[in-house]
1. Among the residues of segment 120-150, count how many are away from the ligand (no atom under 15 Å from the Cβ) and farther than 16 Å from Gly11 by Cα.
2. Pick out the one residue from Glu56, Glu24, Glu40 that is more than 10 Å from the ligand (Cβ to nearest atom), surrounded by fewer than 19 Cβ atoms within 10 Å (Cβ to Cβ) and part of a strand (DSSP E or B).
3. State which residue is nearest to Gly72 (Cα to Cα) when the search covers only segment 4-20 and only residues that are of a type in the set (A, V, I, L, M, F, W, C) and surrounded by 16 or more Cβ atoms within 10 Å (Cβ to Cβ).
4. So Leu63 passes all but one of these: (1) over 13 Å from the mean Cα position of the chain (by Cα); (2) over 22 Å from Gln109 (Cα atoms). Which condition number does it fail?
5. Test of understanding: among Val83, Val88, Val108, which residue is away from the ligand (no atom under 16 Å from the Cβ) and β-branched (Val, Ile, Thr)?
6. Can you tell me which residue within segment 71-80, out of those that are within 10 Å of the ligand (Cβ to nearest atom) and out of contact with any strand residue (DSSP E or B) (no Cβ under 7 Å at 6 or more places or on another chain), is nearest to Ala131 (Cα to Cα)?
7. Can you find a residue in segment 44-53 that is within 13 Å of the ligand (Cβ to nearest atom) and assigned to a helix (DSSP H, G or I)?
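Please treat every number below as a calculation from the coordinates, not as lab data. These figures come from a predicted structure and were not determined experimentally. FYI the Cβ positions are ideal-geometry reconstructions off the backbone, even for glycines, and counts take in every protein chain you see.
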Amino acid sequence: MSATAPAPVVGVVMGSDSDWPVMEAAAEALAEFGIGYEAEVVSAHRMAREMIAYGEEAADRGLKVIIAGAGGAAHLPGMLASVTPLPVIGVPVPLKHLDGMDSLLSIVQMPAGVPVATVSVAGARNAGLLAVRILAAHDPGLRERMREFQRKLGEQAAEKGRRLRA
Ligand code: RP5
């Protein structure tokens, strides 16, 4: 009997496959909590129609959160947020020039009414963890696992401090 993967409830999308080395940290965080996700390339500029369809259909397909990463003129998270009622988390992907500042500013300055929860440049792990917290708001078991994760994080930080003083 083969184990079936959990149905995707988070969409991890990006403007290009070249964004994956950054974005895979979001997928890893989701996997750590056993959250089902799908990973797709839906470029806002090169695949505009597919991108709009993805955003419009995401909620009806069962997704609960979208994590969208893009670099440069990074319009993907904002455009998805404009066509889906789901929470969208934006990940600025740093490219060769401008250190990701272009990506960050393209994603973070959304007009009122169309929110994108923007994480730090290349902050895909936090994007994954934020998606887990959003899902945990209505899932006591998942909330408990997040509490345990936070407790371990604190222990690890304290242990590093102890080693520094030893
Ligand atoms: C953006 O253009 C993508 O999100 C990517 O960060 C950037 C460069 O894409 P490639 O030219 O590497 O495909 O839309």
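1. Number of matching residues: 16.
2. After applying the criteria, what remains is Glu40.
3. Per the stated criteria, the residue is Met14.
4. Condition not satisfied by Leu63: (1).
5. Exactly one residue qualifies, and that residue is Val83.
6. By that ranking, first place goes to His75.
7. There is at least one residue in segment 44-53 that is within 13 Å of the ligand (Cβ to nearest atom) and assigned to a helix (DSSP H, G or I).
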